[in-house]
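Every number in this text was worked out from the coordinates using simple rules, so none of it is lab data. In this text the structure is predicted, and so the values were computed from the model without any measurement. In this analysis, Cβ positions are derived from the backbone assuming ideal geometry, glycine residues included, and neighbour counts consider all displayed protein chains.
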Amino acid sequence: MKPILSACLLLGLAAQAPAAPAINIGAMYEYLDADAGTLLKRVRNSGDSTAFVKVAVAEIVYGQDGQANELPVDTGQLALGQLKGLVASPSRLMVPAGGMQASRLLYLGPRDRERYFRVRFSPVLPEKQDAFDIGDDEARRYQDSLSAGVNVLTGYGAIVIVRPGQPHYDTRLQDGGDSYTVRNDGNSTVIVDAFLQCDADGRHCETPTKHHVLPGGSKRFVKADGHRYTFELIEGRRRRTVAFGR
């Protein structure tokens, strides 16, 4: 059984400094539908200094045991026309304080099955070899401006799901005595969105959650007496509301 994808990846720890960038990449999940090959990922900087951001892409590959491995995408093959994967352009962003920049994510390769990628957006202290197109003096002044206090830059990762060329959805909902199972017998990920657990009168509810069920995988929800559960099942562009309880 394949695992459910985690919501996000935190690459660093928050820090307090007299001047520092603070990036936001928006949604932690992005989807490339069968008829799409590109998407635009916007990076916003709510901090008070420029953010120099590296963008790195790795493919998530599941082994026979269901364990996930990340394989960096070799962009060196792009010039040879042999790249098969997801590429970010540009892969270096200079996001001004209070501003926004975007990187276009382009998928090159077959669409015979669904594929998964993790795209990391990592603020860094710029150096000459990082190809940010700034001089040594400017890089030094930037680093000096951050060195007045403890500074650990924070980055984030997004999951990109590249759907197959011919997606097929076959979701099985199994209502058992003490549990409810969502099983994906199709070839593309289904989403259990806004999963909500409430008591019988609906006055006390837990925080809604979101789950991704990969092809061949399942998600089991344990029932509690006197509770009601609702969620929105998303299969591509199709949405439907599901409710159960005991």
Inter-centroid distance (Cα atoms) of the range 108-127 relative to the range 173-209, Å:
30 Å
Would you please name the GluC sites (Glu not before Pro) within the range 139-235 that are DSSP coil residues with at most 15 other C-beta atoms within 10 Å of their C-beta?
Glu206
Please give the charge dipole size of the range 196-246, origin at the Cα centre, charges +1 on K and R Cβ atoms and -1 on D and E Cβ atoms. Round to the nearest 20 debye.
280 debye
For the range 234-246, in order, what is each residue's ³J(HN,Hα) by Karplus, 6.51 cos²θ - 1.76 cosθ + 1.60 with θ = phi - 60°, in whole Hz (x at glycine and Pro)?
10, 10, x, 8, 9, 10, 8, 8, 10, 9, 7, x, 8
For a protection proxy built on the mean count of beta-carbon atoms within 10 angstrom, sort 43-51, 99-107 highest first, please.
43-51, 99-107
